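First the structure, in the form of structure tokens, and then the observations on it.
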């Protein structure tokens with residue numbers, strides 16, 4: 001199993017994160033675990049033409065925060081107010 | 001406040017749908033195993049995103065419903081155009097293979113499509129309470145494909161199973177997968193599997209085995225038939241584990257058992273030549289174990305087997321009884337012959353019990369039905385008398401033989417003896433007249449203890465412990481008391497001898513040993529006013545004085561009939577020590593004063609009864625050791641005989657026992673027991689009525705029987721008589737309103 005996946009924003013920014021973190025998103029998880037899905041040779045590379053870089057960045061941070069939270073580190077996740085709406089929509093899209 | 005406004009294109013339905021169609025087409029090609037590269041993440045996300053976008057658009061561009069319908073349509077079309085045709089042109093095993101493939105494919109199809117269309121499952125579907133994508137997809141296959149082929153598939157499967165039953169190899173993995181199709185299409189319920197497959201399978205199985213059973217039962221012996229049945233059951237269980245659903249196993253086994261074992265049970269088990277009775281006769285333990293294993297899981301299946309077992313054991317037991325009875329009548333002439341037969345009988349009964357207990361334990365796995373059968377069988381013949389002696393008496397005699405000197409204690413080692421005693425007690429369980437046994441045992445025990453004939457004190461105690469365990473303390477209290485008395489007597493004797501040595505004015509001239517018995521523990525003995533020889537009178541007085549120093553409130557009755565004397569007989573040739581009973585000694589000592597005595601003179605001098613005297617004189621003059629000579633030299637005593645001391649008597653031994661053959665105690669024992677029984681019945685009746693106050697006749701009788709069953713089986717007529725007696729003694733009265741009822745009178 002590949003350890004990391006690459007998420008690309010609409011502007012072309014590449015975020016390489018742990019597979020485990022990416023799977024916090026149900027959508028991404030479904031994709032990665034589909035039958036006849038991705039063999040070892042394939043990259044786990046996904047482009048999100050509808051998600052901007054700052055949002056995607058925030059989402060990646062969220063993934064890690066979520067993993068830590070579930071492991072007991074109960075901190076707060078700060079969201080800048082101006083990102084809220086887009087972040088919610090992206091979260092909905094990614095089923096996070 | 002939005003800081004970023006993105007331009008979001010609206011997607012027209014046709015536009016969006018054509019994207020999906022591409023994805024669907026690719027998926028189809030993959031499923032049809034056409035050369036097609038797998039989905040890239042881009043392609044996947046594209047599919048997902050398309051659906052997502054089409055669903056978040058504001059109405060009227062919210063295409064959720066259309067997309068949901070399209071989803072179902074896609075799957076239905078695929079089933080209709082691709083899946084069904086591929087199944088329709090195939091048959092039998094090929095069709096099954098195709099079905100399994102298509103079923104697998106369907107799962108993949110539904111999974112992929114529902115991931116593409118996933119967004120619908122998040123909001124649209126729950127809000128409208130519609131079937132989820134997964135359910136809708138599976139249902140499509142179920143309604144369109146499964147429904148059409150399931151019946152043919154079932155036939156194909158049954159055909160393969162039949163082949164396997166007839167011994168051919170089949171593709172088990174394929175069948176397992178086909179069964180999964182039936183189970184899977186139940187959508188979580190077992191209905192489809194049960195209705196579309198299992199019920200037909202069970203019916204088919206039943207008729208298959210019904211056929212086999214009819215064929216086999218004609219020609220096969222019982223053991224062979226059972227072997228085949230066992231094999232079939234084993235194979236069917238394997239069948240379940242290899243490809244059927246686990247829930248089918250109990251139903252399957254029940255059907256097979258029914259056809260192979262239940263329907264033919266009577267014919268099989270009762271087969272004259274090779275059925276249960278024959279197997280028992282020929283000691284075929286392996287076959288009997290098999291019979292038990294086969295019929296054990298079947299409701300009431302073991303009943304006929306247990307019944308035949310009981311019949312067989314009863315027949316064997318009865319045969320032993322008859323054997324003993326016949327031997328006894330044949331040997332009635334020779335004395336001691338009857339005795340030996342009794343003992344042989346007990347030994348054989350014990351052997352019989354041991355033998356069939358092994359059957360109960362090993363073949364029949366300690367099942368209660370068979371314990372019961374064995375018990376009931378033994379209860380039948382263990383209560384039959386042999387040559388006039390009840391089984392209770394015979395068993396008591398057997399015990400006596402083991403416990404007395406020269407009997408078992410010298411012949412067998414300790415463990416063997418303990419074991420034998422255990423088995424004797426086991427037989428006692430089956431004897432209904434336990435109180436009769438107790439009385440005979442007690443009489444013989446008394447004789448052993450009093451005449452020092454017991455082989456081992458430990459064994460005496462050991463067997464009493466066993467009795468106590470089995471029948472309770474009340475049964476053994478008297479017997480134990482007897483043993484204690486003997487022990488105490490030994491201590492007492494030491495005290496007596498000390499007393500004698502310290503009291504120098506009491507010179508007895510005779511060594512006297514006295515055993516004091518507690519009345520009530522010991523059987524009742526007649527006392528008689530024997531005129532003691534003067535030598536003995538002093539001794540009696542001395543002991544009386546001694547005893548008075550020990551206790552003030554007890555009265556001693558002397559039972560001379562139980563005493564033993566050692567007398568020096570100064571015959572012409574040599575002096576011989578004679579061991580005789582006190583009565584015999586009394587007779588002999590008369591001849592110290594006179595040479596000759598007539599019967600009548602002896603009678604007057606000793607003050608004995610005729611019965612006793614005849615026996616005494618007979619033992620001294622007509623048997624092996626003729627201490628007295630008799631005129632005339634006939635073999636029996638008459639009142640006109642004369643007796644003389646036989647100075648010419650001699651024997652190679654220096655000490656001899658001159659036995660006095662005991663009187664037949666049988667009649668007395670039976671009388672005593674009958675008397676005790678009357679009291680026991682009275683006591684039981686009163687106890688029952690006291691607690692119940694009012695009771696019907698039938699019930700009173702049956703409860704009475706129940707109460708007493710531990711010790712004996714009371715005669716119903718006797719109970720009724722005792723009830724009448726109690727009424728006349730005003731313990732009970734008849735109920736004036738209902739004469740069938742009795743009332744307790746306080």
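Rule-based calculations on the coordinates, nothing more; no lab input. Note that the structure is predicted; figures quoted are calculated from it, not measured. Note that each Cβ is placed from the backbone with ideal geometry, even for glycine, and that neighbours are counted across all protein chains shown.
In the range B:666-744, the inverse of the mean reciprocal separation of distinct Cα atoms equals 12.8 Å; this is its Kirkwood hydrodynamic radius. Per residue of the protein assembly as shown, the DSSP helices (runs of n ≥ 4 H) give a summed -39500 (n - 2.57) that works out to -19500 deg cm²/dmol at 222 nm. Annotation: the antiparallel percentage among DSSP beta bridges lying fully within the protein assembly as shown is about 80. Each part reduced to its alpha carbon centroid, the range B:154-184 and the range B:423-499 end up 74 Å apart.
Legend: mean number of C-beta atoms from other chains within 10 angstrom of residue C-beta atoms, peptide B:47-59, equals 2.
Out of every Cα-Cα pair in the range B:1-96, what percent are more than 20 Å apart? Distances greater than 20 Å cover 53 percent of the Cα pairs.
The range B:427-575 gives an Rg/Rh value of 1.04, both radii derived from C-alpha positions and Rh following Kirkwood. Short-range pairs are left out: with C-alpha atoms under 8 Å and at least six residues apart, the relative contact order of the range B:563-663 is 36 percent.
What whole number of Å gives the distance from the Cα centroid of the range B:110-153 to the Cα centroid of the range B:286-311? Distance between centres, Cα-based: 54 Å.
As a rough footprinting exposure proxy, the listed residues B:378, B:13, B:440 were ranked by other beta carbons within 10 Å of their own, and the order from fewest upward is B:13, B:378, B:440. Each Cα pair of the range B:191-299 feeds into the Kirkwood radius, which the Stokes-Einstein equation turns, at 10 °C and 1.306 mPa s, into a diffusion coefficient of 108 µm²/s. Across the range B:722-746, the residues whose backbone nitrogen lies under 13 Å from the label position 7 Å along the beta-carbon direction of residue B:693 are B:743-746.
For the listed peptides B:401-407, B:569-575, A:74-80, a ranking on the average number of other beta carbons within 10 Å per residue, highest first, reads B:401-407, B:569-575, A:74-80. Rounded, prolate or oblate: pick one for the range B:13-188, where a ≥ b ≥ c are the square roots of the eigenvalues of its C-alpha gyration tensor, a/c under 1.5 means rounded, and failing that, prolate if a/b is larger than b/c, else oblate. Since a/c reaches 1.5 and a/b is larger than b/c, the shape of the range B:13-188 is classed as prolate.
All alpha carbon pair distances within the range B:386-459 were sorted into 10 Å bins beginning at 0; the resulting P(r) in whole percents reads 20, 50, 29, 1. Relative to the longest principal axis of the Cα atoms of chain B, the long axis of helix B:473-502 lies at roughly 40 degrees. Just for chain A, what percent of DSSP beta bridges are antiparallel, to the closest 5? Beta bridges within chain A, antiparallel portion: roughly 60 percent.
Rg ratio for the range B:563-663: its Cα radius of gyration over 2.2 N^0.38 Å, N being its residue count, equals 0.98. Partner shielding of A:15-27 amounts to 1, given as the average count of beta-carbon atoms from other chains within 10 Å of each residue beta-carbon. With the largest listed first and rounded to whole Å, the semi-axes of the equivalent ellipsoid of the protein assembly as shown from the Cα gyration tensor are 104, 35, 26. Taken over the range B:361-424, the convex hull of the Cα atoms encloses 112 Å³ per residue.
Relative contact order of the range B:392-501: 31 percent, from C-alpha pairs under 8 Å at least 6 residues apart in sequence. Pairs of Cα atoms under 8 Å, at least six residues apart: use those to get the relative contact order of the range B:191-299, whole percent. For the range B:191-299, the relative contact order is 33 percent. Largest GNM mean-square fluctuation among A:30, A:70, A:52, using chain A with Cα springs under 10 Å: A:70. The radius of gyration of the Cα set in the range B:592-743, together with its Dmax, comes out at 27.8, 84 angstrom.
Shape analysis of chain A places it in the oblate category; the axes a ≥ b ≥ c from the Cα gyration tensor give an a/c of at least 1.5, with a/b not above b/c.
Which shape class, rounded, prolate or oblate, goes with chain B when its Cα gyration tensor gives a ≥ b ≥ c as root eigenvalues, a/c under 1.5 marks rounded, and past that a/b bigger than b/c marks prolate? Prolate shape, in that a/c is at least 1.5 and a/b is the bigger ratio. Between the range B:596-625 and the range B:626-671, how many Å separate their Cα centres? Computed from Cα coordinates, the inter-centre distance equals 8 Å.
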